[in-house]
1. Assigning unit charges at the beta carbon (Lys, Arg +1; Asp, Glu -1) and nothing else, what dipole magnitude in debye, to the nearest 20, does the stretch 312-464 show about its Cα centre?
2. Put a dot 7 Å past each Cα toward the Cβ at TRP253 and GLN6; how far apart are the dots in nm?
3. Can you tell me which of 424-437, 204-217 comes out highest on packing, and rank the rest after it, using the mean Cβ neighbours within 10 Å?
4. Go ahead and estimate [θ] at 222 nm for the chain from helices alone: -39,500 (n - 2.57) per DSSP H run with n ≥ 4, summed, over the residue count, rounded to 500.
5. Starting from 0.36 nm per residue, how many nanometres of slack lie between ASP288 and SER141 once their C-alpha separation is accounted for?
6. For the charge dipole of the stretch 330-464, defined by +1 on Lys and Arg C-beta atoms and -1 on Asp and Glu C-beta atoms about the Cα centroid, which residue among PRO405, LEU450, CYS349 has the Cα displaced farthest towards the positive pole?
7. So what are the ³J(HN,Hα) numbers for the stretch 148-160, from phi and the Karplus equation (6.51, -1.76, 1.60; θ = phi - 60°), rounded to whole Hz, Gly and Pro as x?
8. In nm, what is the difference between 0.36 nm times the number of residues separating ARG37 and GLU245 and their Cα-Cα distance?
Amino acid sequence: MPLLSQLLTGRRPPLALHLPAHGRGRGLAEGLRALLRRPPGSWDLPELPEIGGPLEPEGAVAESQRACADLLGAQRCWFGVNGASGLLQAALLALAQPGDRVLLPRNLHRSLLHGCLLAQLRPVLFDLPFDPASGLWLPPSPEHLERVITAALAQGPLAAVVLVSPSYQGLVGDLSGLIAVAHRHGLPVLLDEAHGAHLGLDPRLPPGGLACGADLVVQSLQKAAGGLAQSAALLQGPGSTIAAEAIERALLWLQSSSPSALLLASSEAALLELHSPRGRRRLRQALDQAERLRRRLTALGLPLLETQDPLRLVLHCAAMGFSGLEADAWLMERGVVAELPEPGCLTFCLGMIPPRGLQRRLPRRLLELRAALAGPALRFERPPLPLVAEPERPLGQAWRGRSEPVPLEQAAGRLAAEPLCPYPPGIPLLIPGERIDGPRAQWLQEQRQLWPDQIADTVKVLIE
Ligand SMILES: Cc1ncc(COP(=O)(O)O)c(C=O)c1O
């Protein structure tokens, strides 16, 4: 039983700075900890009348969803047991009809791409500002989104706009401004707030999506709250006019017929605790620690990127002359497990209760890392992408089409039959049905050097 053995005997590394944000149990919501102390399995119950499920009008789950909606200022709340992924897909199915065009940012999580495939939507991808020093996409400004929507509407109507905020690295732009732009064009906004359940709950954090007017908001409750993996919530904004029946129908299409009571309880406990005085106190303490750590690292001359979420610490590896993937491998061997290695950066998730010894251990390790790997600063090429682009073939047709693998250097002019998607972060660099032009083929070859084990040297293209 390799998995059980690993889970039973695997040792906690000295510094686990990865997701889930409960940090291997330390920051689990208290109600959930109490549940897990009960005899194993006693809580694994079906949708008994007194319990119900996310789509039942009566029972404890319905009551809990209502309480969460009231507490968060949402019109409705649905718990999910297939992560933010499952709820984002349901939201897309609720928002648009087969054949509709939906506007999505280039830093979309792959679950949204899969949602477009399932819903038979036509994704219209929009380019984002790019930082050549870190290699990261940056949040768009409202003016940028205005240009994007205008360009996309020039080619046909849109059914909805999807925004991602915060980014995986904790970057947040002018979310109210962005949502207002979409609304001025009469477009509903689905917000992927997988990393932002805690936003707006402390003055040091920017406001969250509901406060900024998003129509639908999806939160992953293991990424910025004390829930187990796969617990998530879909929230409907107070001003949203999307029919609840359409949302529930889409949830029905995708939801297991036996949603796990444990994961539903995890969603309840994570949300209610985060929004309670105790949860806010914990969050304040975690933010205090994060700020102390940032000050110390900065005083030591270690380059950190500015983020709007202090619980995401982004080490700017490129500024020190090495890649985030190299840094991750080096640190992992020394017991420091980060969350997100990328070519220019390494992101650490400090979690709801940052690990003991963090202030002492991490600065020391990062100084050693710099001494071991430092070199001349790296810079990154801007992705050669148009402001808005639509795949030439329907996603599902291209992904299932007759294809052949070709070396990346011979891919120019061909239509992609599969996504190229380093994971994590799970953001596709190419999507099925997109034509690979010369500059894109060149850029993908460069990306291969930057993500050596994650991008193959061949890509599947359609046989036309
Ligand atoms: C931006 C973003 N959205 C959605 C998801 C999917 O979340 P989950 O893992 O809860 O399905 C992720 C996961 O990493 C993500 O980074």
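1. Working: 18 positive and 18 negative charges, 145 e Å.
Here the size comes out at about 700 debye.
2. In this crude label model, GLN6 to TRP253 measures out at 3.4 nm.
3. Working: 424-437: 20.4, 204-217: 23.4.
Averaged packing, sorted descending, gives the order 204-217, 424-437.
4. On the way: 15 runs with 170 residues, N = 464.
Value at 222 nm, helices only, nearest 500: -11000 deg cm²/dmol.
5. On the way: separation 147, 0.36 × 147 = 52.92 nm, distance 2.91 nm.
Full-extension gain reported as 50.0 nm.
6. CYS349
7. My calculation for the stretch 148-160 gives 4, 5, 4, 5, 5, 5, 5, 9, x, x, 10, 9, 6 Hz in order.
8. On the way: separation 208, 0.36 × 208 = 74.88 nm, distance 3.74 nm.
So the chain would gain 71.1 nm between ARG37 and GLU245.
None of the figures in this text is laboratory data; all of them are computed from the coordinates on show. Nothing here was measured: the structure is a model prediction, and the numbers come from that model. Methodologically, a virtual Cβ is constructed for each residue, glycine included, from the backbone with ideal geometry; neighbour enumeration extends over all protein chains shown.
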